[in-house]
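Data first, discussion second: the structure below is written as structure tokens.
The values are calculated or read from the model by the stated rules, or taken from the named source; none is laboratory data. Note that the structure is predicted; figures quoted are calculated from it, not measured. Cβ: placed from backbone, ideal geometry, glycine included. Neighbour counts: every protein chain shown. The protein model used for the area step is the full one, side chains on, heavy atoms only, and it has no ligands, DNA or RNA in it. Shrake-Rupley method; radii C 1.70, N 1.55, O 1.52, S 1.80 Å.
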Amino acid sequence: MMNVSYVVLSRLVHTDLRLILRHSKVKLYSTLSFRICHKSSAIRNSLYYACRGLSGISDGGNEQNVPGKDTQDNSEDTKTIGSEKSTEIVGNVKEDIAKTTKGSKITKLLPEKTALPNESDIDLETTKAKRTRPSKKSATDEEKKEKKVKKKKDSLMDLEDFSGLDENVKNLLETHKLKRIVGHTCVIINCLKCSVIKKPVVSDAIYVNKTTGYFTCFTCKKHGPLTALQENFETLIKTKVAKKNFVCFNDKDTYDIYDWTEVDVKALEALGKGEQLKKFKSEEFKQIEELLGFENIQKSTLEKQNITYDRERHALLIPYRSPDGVLIDCKCLTPYFDEDGEFNGLSYSFTNGSGQSSLFGWRKEDEEKKQLILTKTEKDALVLQQTTSDYSVLSLPRESNLPQEVLPYLEKFETVILWFGDDMQSWEYTIKFARKLGERRCLVFRPGDECATPHEILKRNLSISHTLSKAKPMKNDHLTSFEDLRTEVKAQIAQQELVAGVQWRRFVQFNNVLKGLRPGELTVMSGRTGSGKTTFMSEYSLDLCMQGVNTLWGSFEVNNTRLAKTMLIQYAKKKLSPENLNEFDNYADEFQKLPMHFMTFFGQNDIKKVIDTMAHAVYIHDTQHIIVDNLQFMMGSDMDVTDKFSKQNIVYAAFRRFASAHNVHITLVIHPRKENEDTELTTASIFGSAKATQEADNVILLQTSKTKRGGKKYIQVTKNRFDGELGNISLKFDPEDLTLSNAGKKEKKSSGKKISDEKTITEYEDFSDEYEEEEKQKEFIM
């Protein structure tokens, strides 16, 4: 009988019991052979029976002849076990070994990646050669490569988990090795001060916005940009004091942060000017409801939100609180009426503007709820709080803006129902906010679903719960069918005015041609140098911004201070000078409330930086209209004409994709070619290749025609993809208020010249008798 060392036997056991067949004549009672099985009776027994079965030796039913016990060799003749039983025993032995060797010393004898010989290779020579135990220090190149790959996979920067994550946020997590939980809109991490906690605790953690890096600390209730958080972490690491004694963001001059822990005094005073609604009798309260359009909303519903009424201004004073219930602002809702004295909606103003960073309707009883309904007005939120108890209900501070500051507090909601109405404008807001919140958890109402606002549903005595059941998931795929588009197509036919976009109030004539400003379109505007393009675009965009269109200005040719000065004068419709400087603050305070923002770029700039800034503004401020003045500053000056055309096509394509992808309107100013100034501009006059005008949705030209008495200005619409209407809009410059919208009050339509089978051009009378000298105009026109 042959005796095998415990190392070789361990290899055979660890690899496959089939190898035991090669050594079936193992001496069963050899102490050396079974030393490896000394501490595992299960392996010892299994191996004993396996060896006897494979070598044709029967145990004879004697359980005392088990290896490891003080027994003598039994030399009785044994019976042969059948092949079926042998197969069963081998299977059982394999299972026993797999169970019992887990974590035992046996596995340490053979590294997991050590190459084992094939069954056919095992003989006396190879067995002797394999007896040497492999060194732990030796490692093949393949093993090193596998370890490197594993280490990379264990890195915090898992690209699959962090797709779309801002690079600065990635660097923060990698630098400090922060544990995290990935939410719908934020990455939840622990502060380094609280790093003793192994996993992020949702109630006491830092929420970092995945797109912008804006953070909110749920421990100290402070929030701000990612740079402030990075600086705070670095200060914490450098400090010599104990972490528990370190005060985060203690130096307010260093950190650009905001705090929601203190009640705002101005908001408290403004709210106190109103009277408690419980003091009003039923008839008085009914009059207030009708005056403000709050019919069918119970007094108790308003009282729960501590809403008061200002008799003097006939206004509701609505408290805006932080998500933790701290009063941070007061919103004043005032009715305004049309010329016939009919109620025409509500105007609003905030005491200090902090409320525009929060939402209305936070309640303690909603803390445990996982479903949210988001509305666009406080009135709709109050209706739902009055009629349903299954949802948390909040409303936007402005119908066109969802502030990023509140996104961390919305992470807990598994489902978000966006209930803004069933019109086309509401659908545009729905698309934008669903992307911001995470489309997979959003339920929406599509145009044509006959799901009006909650207040309208209540006024019609319809069922709120039935309407809620109509909310459908916001699909996130690239395929659709007419069945999905049917309601939207019907709504576009039924609501043509809303589909046309936001209309102008100063440039009323534009509504007859362009019909309105529509999201997702790109307008190309051109005009000769010094003709007043920037001045026109300033008032053109101001007109829309005053109607609530969130606007972003990118002025690369005129600095922002000069542009803002022109806009302020146009807004006031009054020349501001040292003589009336006392009026500046009043106009500036009002102008500051407009949803207007400016890029800080000036001169030549990289298109990627500009696009990133635009995307940032769309996400944070829900920007709807972007003006870029002008395209030439996106291209270098050290290239020949061919290169310029190629670069222009690349830049233009980037703006075109951005407008479509983010559903915003971009107005792009492009200089014309150098042509004879005595001739009018045409679409072909725009500098560059034909790509800009071919793919543009609208093309408008600022024309300046010269006469003996001076010149006249007008806008010529040469392309309108929406409905094909073309025409001229007269302009008249006023040097006092720097406006160009003073012409066009008297309109006279021509018989209509045919441009094509489906396009007609409309001309308007120009008041050239009331022009200003060109020298005086150039003093103000940019």
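Does segment 465-477 hold any residues that are surrounded by fewer than 11 Cβ atoms within 10 Å (Cβ to Cβ), modelled with pLDDT of 70 or more and either hydrophobic (A, V, I, L, M, F, W, C) or part of a loop (DSSP other than H, G, I, E, B) (or both), and which are they?
Matches in segment 465-477: 469 only.
Hey, could you check segment 646-670 for residues that are open to solvent by 50 Å² or more (accessible area, probe 1.4 Å) and touching a residue at least 12 places away in the same chain (Cβ under 8 Å) and say which is nearest to residue 624 (Cα to Cα)?
Only one residue tops the list, namely 662.
Would you check if there is a residue in segment 276-287 being in contact with a strand residue (DSSP E or B) (Cβ under 8 Å, 6 or more places away or on another chain), under 19 Å from residue 349 (Cα atoms) and outside any loop (DSSP other than H, G, I, E, B)?
No, that holds for no residue.
Just to verify a result, which residue in segment 349-362, among those that are under 18 Å from residue 262 (Cβ atoms) and assigned to a loop (DSSP other than H, G, I, E, B), is least open to solvent (accessible area, probe 1.4 Å)?
Among those that are under 18 Å from residue 262 (Cβ atoms) and assigned to a loop (DSSP other than H, G, I, E, B), it is 358.
With the condition kept exactly as written, say whether any residue in segment 729-750 is modelled with pLDDT of 50 or more, among the polar types (S, T, N, Q) and under 20 Å from residue 523 (Cα atoms).
Within segment 729-750, one or more residues are modelled with pLDDT of 50 or more, among the polar types (S, T, N, Q) and under 20 Å from residue 523 (Cα atoms).
Tally up the residues in segment 402-438 that are in a strand (DSSP E or B) and under 13 Å from the mean Cα position of the chain (by Cα), please.
0
Residue 250: free of Cβ contacts under 8 Å to residues at least 40 places away in the same chain and more than 34 Å from the chain's Cα centre (by Cα), yes or no?
No; evaluated as a whole, the condition is false for this residue.
Any idea which residue in segment 691-706 is farthest from residue 520 (Cα to Cα), counting only those that are open to solvent by 50 Å² or more (accessible area, probe 1.4 Å) and of a type outside the set (Lys, Arg)?
In this case the residue turns out to be 694.
Would you list the helices (runs of 4 or more DSSP H) that sit entirely within segment 525-624 and hold 2 or more residues that are open to solvent by 40 Å² or more (accessible area, probe 1.4 Å) and out of contact with any helix residue (DSSP H, G or I) (no Cβ under 7 Å at 6 or more places or on another chain)?
Where helices (runs of 4 or more DSSP H) fall fully within segment 525-624 and carry at least 2 residues being open to solvent by 40 Å² or more (accessible area, probe 1.4 Å) and out of contact with any helix residue (DSSP H, G or I) (no Cβ under 7 Å at 6 or more places or on another chain), they are 560-572, 584-592, 607-621.
Let me spell it out: the conditions are (1) without any contact (Cβ under 8 Å) to a residue 12 or more places away in the chain; (2) closer than 22 Å to residue 183 by Cα; (3) surrounded by fewer than 14 Cβ atoms within 10 Å (Cβ to Cβ), and residue 389 meets all of them except one. Which number is the exception?
The failed condition is (2).
Determine which single condition residue 380 fails, assuming it passes every other condition in (1) open to solvent by less than 60 Å² (accessible area, probe 1.4 Å); (2) out of contact with any His (no Cβ under 6 Å at 6 or more places or on another chain); (3) under 21 Å from residue 420 (Cα atoms); (4) not aromatic (Phe, Trp, Tyr).
(2)
Go through segment 309-348 and give me each residue that's open to solvent by less than 70 Å² (accessible area, probe 1.4 Å), part of a loop (DSSP other than H, G, I, E, B) and either modelled with pLDDT of 85 or more or of a type in the set (Lys, Arg) (or both).
Within segment 309-348, 322, 323, 325, 326 qualify.
Limited to segment 441-464, what total is found for residues that are over 24 Å from residue 397 (Cα atoms) and either at pLDDT 90 or above or out of contact with any Ser or Thr (no Cβ under 8 Å at 6 or more places or on another chain) (or both)?
Within segment 441-464, residues that are over 24 Å from residue 397 (Cα atoms) and either at pLDDT 90 or above or out of contact with any Ser or Thr (no Cβ under 8 Å at 6 or more places or on another chain) (or both) number 5.
Out of 480, 430, I need the residue that is at pLDDT 90 or above and of a type in the set (Val, Ile, Thr). Which one?
None of the other options fit; the residue is 430.
Select, from 302, 268, the only residue that is surrounded by fewer than 17 Cβ atoms within 10 Å (Cβ to Cβ), at pLDDT 90 or above and not in a loop (DSSP other than H, G, I, E, B).
268
Please determine, by comparing only the residues of segment 203-222 that are open to solvent by 10 Å² or more (accessible area, probe 1.4 Å) and under 17 Å from residue 250 (Cβ atoms), which one is nearest to the chain's Cα centre (by Cα).
Ranking the candidates gives 217 first.
Return a yes/no flag: does segment 443-459 have any residue that is in a helix (DSSP H, G or I), within 29 Å of residue 594 (Cβ to Cβ) and in contact (Cβ under 8 Å) with a residue 40 or more places away in the chain.
Yes: one or more hits.
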